[in-house]
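In what follows, a structure is listed as structure tokens, so that the remarks can point back to it.
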Amino acid sequence: MTKTIQTVGVCGAAGTMGAGIAIVAARAGFRTIAFDKSPEGLSRAAQNTAAFFDKSVQRGKMDTRMRDQILARLSATSEIDALSDCDLVIEAVFEDIGVKKQLLAELDAVCSPETIFASNTSTLSITEIASGSTRPERVVGMHFCLPAQLMKLVEMTPGILTDPGVFATAWNWTEQSGQRPVRTQDKPGFILNALLVPFNNDAIRAVEAGVASADDIDRAIKVALGYKMGPLELIDLIGLDTQIRLCEAFYPTTLDPRASAPPLLRRMVAAGLLGRKSGRGFFEYENSAMFGA
Ligand SMILES: NC(=O)c1ccc[n+]([C@@H]2O[C@H](COP(=O)([O-])OP(=O)(O)OC[C@H]3O[C@@H](n4cnc5c(N)ncnc54)[C@H](O)[C@@H]3O)[C@@H](O)[C@H]2O)c1
């Protein structure tokens, strides 16, 4: 029997994704423990989180009492032992198979045999990550989208050894948290990135070939297909360096030439044009903040 999830641990909670996932869990009513090896990063994330909920109050999405209750459910730590009574631990640490497997091994030593482990990996195999644990049947993929506190989609992936009951419990938790899960296979890029990485590269190659300006390419896609954001604006949001990393993860496994990094992308990154976070990518930005409200 799997017990109900009450306490959630988030590993890498000072990072871009982990901070947002911790917000999702605490906002949905779960006691949430934000764990990161960087204490400075955790205090920066705590300030951003408080500012996020202050903005939610200003926009009339919640009152101050609700904000205070959410923040009271959220604690931060750099000690992995603090995750000992978590029912679910979601990891969003560096996208490095060695780091993730090592973390799972450490969590094995700390958490109860009932604990469910979820990985937010974008490109790595859930089955391979699970091999870092002595309990691979309790490991699932739970891929949130950036920014997690605003985006509802979660791609959920069983590894080869994942227990169906564990997967169902993790799925239910995702729904209880107000997110919208979809089930995918353990394949590079799951659904979203497998489709988006080649498509976004096509848009970059169109700029490079002089088909049209970045602005006109994005406008054509938005007007014709009803997308809220064009592919080039989206690459600016996720980061041009991140797009290269995604290409480098996908191309060797898929050998799809559309998944290989376009030369223009590499030149722009070499020039420091990383997108929104550096103030300039395919477009220019005055405000690089993306924490949202
Ligand atoms: N950034 C995105 O757009 C995005 C979207 C979806 C999924 N992801 C996935 O989420 C994960 C995190 O990505 P990110 O962009 O948030 O990374 P990030 O570099 O912003 O954050 C990673 C955090 O993990 C912490 N960390 C690293 N090793 C740790 C360890 N052993 N124990 C505790 N903390 C540790 C770091 O201090 C850092 O705060 C990756 O698996 C990535 O593929 C990223």
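Values in this text are rule-based calculations from the coordinates and carry no lab data. Since this is a predicted model, take the numbers as computed values, not measurements. Cβ: placed from backbone, ideal geometry, glycine included. Neighbour counts: every protein chain shown.
Could you grab the relative contact order for segment 29-188? Cα pairs under 8 Å, six or more apart, rounded to a whole percent.
Averaging sequence separation for qualifying contacts and normalising by length gives 17 percent for segment 29-188.
Helix-derived [θ] at 222 nm for the chain: sum -39500 (n - 2.57) over DSSP H runs of at least 4, divide by residue count, nearest 500?
On the way: 11 runs with 134 residues, N = 293.
After summing the helix terms and dividing by residue count, I get -14500 deg cm²/dmol.
Place +1 on the Cβ of every Lys and Arg and -1 on the Cβ of every Asp and Glu in the chain, take the dipole about the Cα centre, and give the residue among Tyr251, Gly230, Pro164 whose Cα lies farthest towards its positive end.
Final value for the positive-end residue is Gly230.
I'd like the distance separating the alpha-carbon centroids of segment 149-168 and segment 44-95, in whole Å.
22 Å
Through the Karplus equation 6.51 cos²θ - 1.76 cosθ + 1.60, θ set to phi - 60°, convert the phi angles of segment 218-232 into ³J(HN,Hα) values in whole Hz; use x for Gly and Pro.
With the stated coefficients, segment 218-232 comes to 4, 4, 4, 5, 5, 5, 6, 9, x, 5, 6, 9, x, x, 6 Hz.
Provide Rg and Dmax in Å for the chain, with only Cα atoms included in the calculation.
Answer for the chain, Rg first and Dmax second: 19.4, 60 Å.
Give the long-range amide H neighbours of Thr7: residues separated by 5 or more places, or on another chain, with amide H under 5 Å away, using H modelled in the peptide plane at 1.01 Å from N.
Those lying under 5 Å, H to H, from Thr7 are Asp87, Leu88.
Nearest 20 debye, what's the magnitude of the dipole of segment 193-277 about its Cα centre given +1 on Lys and Arg Cβ and -1 on Asp and Glu Cβ?
120 debye
Report the gain in length on full extension from Val211 to Leu153: 0.36 nm times residue separation, minus Cα-Cα distance, nm rounded to one decimal. List each step's numbers first, then the result.
Details: separation 58, 0.36 × 58 = 20.88 nm, distance 3.24 nm.
In short, 17.6 nm is gained.
If amide hydrogens are placed 1.01 Å from N in the peptide plane, which non-local residues have theirs closer than 5 Å to the one on Val182?
Val154, Glu155, Met156
Step through the residues of segment 193-202 one at a time and calculate ³J(HN,Hα) from phi using the Karplus curve (6.51 cos²θ - 1.76 cosθ + 1.60, θ = phi - 60°), rounding each to whole Hz and writing x for Gly and Pro.
Karplus-based 3J(HN,Hα) across segment 193-202 equals 6, 4, 8, 6, 4, x, 4, 5, 5, 4 Hz.
Per residue of segment 50-58, what does 6.51 cos²θ - 1.76 cosθ + 1.60 with θ = phi - 60° give for ³J(HN,Hα)? Whole Hz please, x for Gly and Pro, Karplus curve as stated.
4, 5, 4, 6, 4, 5, 4, 5, 4
Out of residues 5 or more away from Met142 or on other chains, whose amide H comes under 5 Å of its own, with H placed 1.01 Å from N in the peptide plane?
Hits under the 5 Å cutoff: Ser119, Asn120, Thr121, Thr157.
Rounded to the nearest 0.05, what FRET efficiency do Asn172 and Arg219 give with R0 = 41 Å and r taken as the Cβ-Cβ distance? Could you check?
For R0 = 41 Å, the calculated efficiency reads 0.50.
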